[in-house]
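These notes are about the structure you will find just below.
The values are calculated or read from the model by the stated rules, or taken from the named source; none is laboratory data. Values in this document were obtained by computation on a predicted structure and should not be read as measured data. For neighbour counting, all protein chains shown are included, and Cβ atoms are generated from backbone atoms with ideal geometry for every residue, glycine included. Accessible surface areas use protein heavy atoms only, side chains included; no ligands, DNA or RNA. Shrake-Rupley method; radii C 1.70, N 1.55, O 1.52, S 1.80 Å.
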Amino acid sequence: MKTELLMPAGSLEKLKYAFYYGADAVYVGVPLFSLRARENEMSFEDLREGIAFARAHGKQIYVTANIFARNLKLKSFKENFKQWVDLKPDAFIMSDPGLMSLAKEIDPNVNIHLSVQANCMNWQSVKFWQQQGVSRVILSRELRLEEIREIRQRVPDIELEAFVHGSICIAYSGRCLLSHYMSYRDANQGVCDNSCRYGYNIYQSSSDKDQEFFLEDLRNKGEFYQIDEDENGTYIMNAKDLCVIEHLQELRDAGICSFKVEGRTKSLYYAAMVAKIYRQAINDMEAGRKFDTNLLKELSKIPNRGYHKGFVTGALSQDSQEYRHSTSRNFTQRFAGLVLEKIGSLWKVEARHRMRPGDDIELISPQGSIKTKIQNIYNEHHESLPQAGGGGLSFYMDLPADIPSYSLISLIEQGGF
Ligand code: SF4
């Protein structure tokens, strides 16, 4: 079976770029029933267009409906599910057994993939879900290679999917109550506030005898939680990003048929770049070529919290954690815009970040990339400008003559950002 590269698509635009840059399949969320509920830009009409686009390009599309629903949501799930089924996505990604049984009642042939949110960690569970009619299990991110291998041996006739790239939680998949506890936003209802990644002050009680520590959430000063911690009192739960691109061959040999990338809320640049880089790694693997270590450098062009290998190669270490800050600051290039079309001798670009004449840029396309310098920037009246502001506004530039369709502009800064 061919290995699948499965990319996130938080919007119709990201869906198209993920496909242009090499994804075999994408997963999209349905509002109200998918995690990432707050940032979901995919309307029903977008979903319809996205499915048509995937069909036209011979690609797969999976619809995520993976919340753990309360009673209140069952009625609207019943009312809405039929219209999603009628769009004929390739599968639904689900975790709530109640919603799954409702889905099967509505359409007994519906294809269901078990979401990572269901936290499936052993072969007996995989077997159980197979008996419930699930065609694919997205394995927990906490599994090691040898555990995946054993699952495949014990349950040979089910599709297994694994996350290979993107943000991960400090909690077991699907079992985090932190955000709900700290800000009443339940991660299992799709409204996680990323509590694990923010800054905290740690205070020690004045009594030397008891050595009690208290945590103060910097977003809610004056609110204290008692904790047991040592001197690493900042970003104590902020996991680095997962990246197991060097281990795809081992994962495939262990039985994984779909390599999944996290990040429906991440940018179009992330969707395109990660798809392109993993596409090359998968193509190399399938052609029997050695892993190209330059791909790790390519991944450093994308915002990240620092990379680590999760549990795939063994237990986590101190190095799996980013203690200094919560945001994705480790990157050497920045997404600056989209190349739209050539008009006369100039290229129309949509600026997503400020660019100035003299800036070093890389023009990245699905086929390759070119490094160059911005010469001049113009407005629509061909008047020269000192800069192109971001915000999605259009500008004109004299870029190299041949730029492939769907190229992205990536700003290079000496020494990174
Ligand atoms: S608070 Fe952190 S660990 Fe918990 S679900 Fe959100 S991202 Fe994951």
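Take the chain, connect every pair of alpha-carbon atoms lying under 10 Å apart with a spring to form a Gaussian network, then pick out the residue of Phe224, Phe291, Phe335 with the largest mean-square fluctuation.
Phe224
Taking the radius of gyration and the Kirkwood hydrodynamic radius from Cα positions alone, what is the Rg/Rh ratio for the chain, to two decimal places?
So for the chain, dividing Rg by the Kirkwood Rh gives 0.99.
Going by average Cβ density within 10 Å per residue, which order do the peptides 89-100, 347-358, 10-21 take, highest to lowest?
Order by mean packing, descending: 10-21, 89-100, 347-358.
Based solely on its DSSP helices, what 222 nm [θ] is calculated for the chain when runs of n ≥ 4 H residues each add -39,500 (n - 2.57) and the sum is averaged over all residues, nearest 500 deg cm²/dmol?
-7500 deg cm²/dmol
Please name which of Ile170, Val261, His180 has its Cα lying farthest along the dipole of the chain towards the positive end, using unit charges on Cβ (Lys, Arg +1; Asp, Glu -1) and the Cα centre as origin.
Val261
Compute, for Ser345, the solvent-accessible surface of its heavy atoms (probe 1.4 Å) with the complete set of protein chains present, and express it in square angstrom to the nearest 10.
Counting only protein heavy atoms, the figure is 90 Å².
Can you tell me which of Asp86, Asp193, Asp360 moves the most in a GNM of the chain? Springs connect C-alpha atoms under 10 Å apart.
Asp86
Work out the length of the dipole vector of region 118-159 about its Cα centre, built from +1 on the beta-carbon of each Lys and Arg and -1 on the beta-carbon of each Asp and Glu, and round it to the nearest 20 debye.
Rounded to the nearest 20 debye, it is 20 debye.
In debye, nearest 20, what is the charge dipole magnitude of region 333-412 about its Cα centre with +1 on Lys and Arg Cβ and -1 on Asp and Glu Cβ, if you could check?
That gives region 333-412 a dipole magnitude of about 220 debye.
Dipole size in debye (nearest 20) for the chain around its Cα centre, Lys and Arg Cβ +1, Asp and Glu Cβ -1?
Magnitude of the dipole: close to 760 debye.
In the chain, if the dipole is taken from +1 on Lys/Arg beta carbons and -1 on Asp/Glu beta carbons about the Cα centre, which of His57, His247, Tyr198 is farthest to the positive end?
His57
May I ask you to list the aspartates and glutamates whose Cα is less than 14 Å away from that of Lys260, ignoring any residue fewer than eight positions away on the same chain?
Cross-link targets: Glu4, Asp24, Glu159, Glu161, Asp241.
Once you list every other residue whose beta carbon is under 14 Å from the beta carbon of Leu99, what net charge do they have if Lys and Arg are +1 and Asp and Glu are -1?
So the environment of Leu99 carries a net charge of +2.
On the protein heavy atoms, probe 1.4 angstrom, tell me the percent of accessible surface of the chain carried by carbon and sulfur.
The value for the chain is 48 percent carbon and sulfur by accessible area.
Summing +1 for each Lys or Arg and -1 for each Asp or Glu, what net charge is found among the other residues whose Cβ lies under 13 Å from the Cβ of Tyr278?
Every neighbour counted, the sum reads -4.
Straight-line reach from Lys75: which lysines fall under 20 Å, measuring Cα to Cα and dropping same-chain residues less than 8 apart?
Answer for Lys75, where 20 Å is the Cα cut-off: Lys104, listed by chain and number.
Just tell me, in residue order, which DSSP H segments of the chain are both 15 angstrom or longer along the helix axis (alpha-carbon based) and at least 0.0 in mean Kyte-Doolittle hydropathy.
Correct list, ordered by number: 268-286.
Report the relative contact order of the chain, percent, no decimals, based on alpha-carbon pairs under 8 angstrom and at least 6 residues apart.
15
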